[in-house]
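*Asks:* Before I ask anything, here is the structure I am working with.
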Amino acid sequence: MSATPILLYNEFAPFLGKHFPFKVQKISLNAGFTCPNRDGTKGLGGCTYCNNQTFNPDYCKTEKSITQQLEEGKQFFARKYPDMKYLAYFQAYTNTYAGLEGLKRKYEEALSVDGVVGLVIGTRPDCMPYDLLRYLEELNKQIFLLVEYGIETTSDETLRRINRGHTFAETFEAVNRTAGAGILTGGHVILGLPGETHESIVAQAGILSRLPLTTLKMHQLQLIRGTRMAREYELHPEDFHLFDVDEYIDLVIDYVEHLRPDLVLERFVSQSPKELLIAPDWGLKNYEFTALVQKRMKERGAYQGKAYVV
């Protein structure tokens with residue numbers, strides 16, 4: 001009798017499968033938000049790496065209502081899976097950065113669209129006021145809800161350098177408060193930010209594992225046209241280490257080995273539009289990169305949590 005194969009890592013699809021008896025797909029939304037480090041509250045110019053065009057699909061335009069964006073997103077996916085249900089993914093900028101009544105209107109408009117069975121709300125750790133958290137706590141009793149925080153790094157020095165406008169202590173506090181309210185809580189990190197090394201990035205995995213996160217997204221640092229970081233790279237390329245694909249695969253595997261075994265890993269890479277991407281350009285689709293990671297993990301005998309220390 002053959003041995004049960006070791007699970008390489010916790011994938012996102014089976015996690016969704018535990019919550020829904022049908023296929024679900026996230027539909028990205030641009031609900032017209034800004035960020036406190038863009039509008040002058042905490043700073044101007046936003047994060048140095050950010051150009052929101054990199055993650056907004058064509059249907060995701062601010063001049064379109066939330067309902068229209070969702071209906072167009074549904075048309076895009078329904079061709080392949082007519083019985084698909086959907087999660088409204090408030091993705092662009094900081095999706096809790098507005099007054100409570102305005103936020104409730106946006107979230108509830110999304111939930112009123114036929115076939116939408118839950119919300120994923122992307123935000124910053126310094127933008128979760130208590131009145132909003134109480135509302136989300138009640139909403140969470142009725143629908144699927146995942147709040148995803150842009151953590152980016154555990155290093156305060158790096159957070160300052162990228163003009164993030166918050167500290168890791170604020171991340172720690174927001175994640176604990178949100179998970180403490182019974183809400184599924186996710187995190188997003190960028191691997192390879194300037195000043196960080198292979199060793200310091202891998203050490204970050206252990207720090208994040210002590211947070212009550214359910215899901216984690218990671219992706220490589222990408223230099224995007226029109227960003228302040230692209231200008232910094234032009235002036236001081238020596239301050240940056242852009243991983244080649246093999247090097248990044250090994251970094252991801254080392255990182256995953258140091259993560260808590262039950263964390264759900266949603267992705268390892270991100271793809272930016274070719275016309276906006278300066279570097280690194282690996283010419284790989286996300287699924288192709290994931291296949292390479294899985295192959296290398298098997299070769300190395302690696303699996304999530306192998307080097308995790310409680």
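Read-outs: derived from the displayed coordinates by stated rules, not from any lab. Model, not experiment: these values are computed from the prediction. Positions of Cβ are backbone-derived with ideal geometry, glycine not excepted, and every protein chain shown enters the neighbour counts.
*Asks:* Counting only residues 5 or more places away or on other chains, whose amide H sits under 5 Å from the amide H of ARG267 once H atoms are built in the peptide plane?
*Replies:* Residues meeting the amide H criterion: MET218.
*Asks:* Rounded to the nearest 5, what is the percent of antiparallel bridges among the DSSP beta bridges in the chain?
*Replies:* DSSP beta bridges in the chain are roughly 10 percent antiparallel.
*Asks:* Could you tell me which of the pairs LYS42/LYS106; LYS26/LYS217; LYS80/LYS295; LYS64/LYS274; LYS106/LYS141; LYS104/LYS141 are separated by over 20 angstrom between their Cα atoms in the structure shown?
*Replies:* Going by Cα-Cα distance, LYS42/LYS106; LYS80/LYS295; LYS64/LYS274 fall outside the 20 Å limit.
*Asks:* Among all stretches of the chain without exposed GluC sites (Glu not before Pro) (DSSP loop, at most 13 other Cβ atoms within 10 Å), which one is longest?
*Replies:* The longest such stretch corresponds to 64-274.
*Asks:* Let me ask you something else. Could you calculate the FRET efficiency of LYS274 with ILE143 from 1/(1 + (r/R0)^6), where r is the beta carbon distance between them and R0 is 25 Å, rounded to 0.05?
*Replies:* Result of the calculation: an efficiency of 0.10.
*Asks:* Across bins of 20 angstrom width beginning at 0, how are the C-alpha pair distances of the chain distributed, in whole percent?
*Replies:* Each 20 Å bin holds this share of Cα pairs: 32, 62, 7, 0.
*Asks:* Which FRET efficiency, nearest 0.05, do GLN68 and ASP250 yield, Cβ-Cβ r, R0 51 Å?
*Replies:* The computed FRET efficiency comes out at 0.70.
*Asks:* Next up: Quick one: among TYR255, TYR233, TYR86, which has the greatest mean-square fluctuation in a GNM of the chain with alpha-carbon springs under 10 angstrom?
*Replies:* Checking each option, the largest mean-square fluctuation is seen for TYR233.
*Asks:* Under 5 Å between amide H atoms, partner at least 5 residues away or on a different chain: which partners does THR215 have, H built in plane at 1.01 Å?
*Replies:* Here THR185, GLY186, GLY187, VAL264 satisfy the definition.
*Asks:* With r defined as the distance between the Cβ atoms of LEU235 and TYR308 and R0 fixed at 41 Å, what FRET efficiency is calculated, to the nearest 0.05?
*Replies:* That pair, LEU235 with TYR308, gives E of 0.55.
*Asks:* On to the next question. Placing +1 on the Cβ of each Lys and Arg and -1 on the Cβ of each Asp and Glu in the chain, which of GLY46, GLY115, PHE12 has its Cα farthest towards the positive end of the resulting dipole?
*Replies:* Farthest towards the positive end: GLY115.
*Asks:* Between HIS241, HIS258, HIS219, which gets the highest mean-square fluctuation from a Gaussian network model of the chain, Cα cutoff 10 Å?
*Replies:* Its mean-square fluctuation being the largest, the pick is HIS241.
*Asks:* Could you give the size of the charge dipole of the chain about its Cα centre, using +1 on the Cβ of each K and R and -1 on the Cβ of each D and E, expressed in debye and rounded to the nearest 20?
*Replies:* 760
*Asks:* 5 Å is the cut-off here: which amide hydrogens, built 1.01 Å from N in the peptide plane, fall below it relative to GLN25, excluding neighbours closer than 5 in sequence?
*Replies:* It is LYS85, TYR86, LEU87, by chain and number.
*Asks:* Pick from TYR287, TYR248, TYR49: which residue has the top mean-square fluctuation in a GNM of the chain where Cα pairs under 10 Å get a spring?
*Replies:* Its mean-square fluctuation being the largest, the pick is TYR287.
*Asks:* Multiply the residue separation of ARG134 and HIS19 by 0.36 nm, subtract the distance between their alpha-carbon atoms, and state the gained length in nm to one decimal.
*Replies:* 39.2 nm
*Asks:* Related question: Each label point is 7 Å from the Cα along the Cα-to-Cβ direction; what then is the distance between the points at ARG267 and GLN294, in nm?
*Replies:* 1.7
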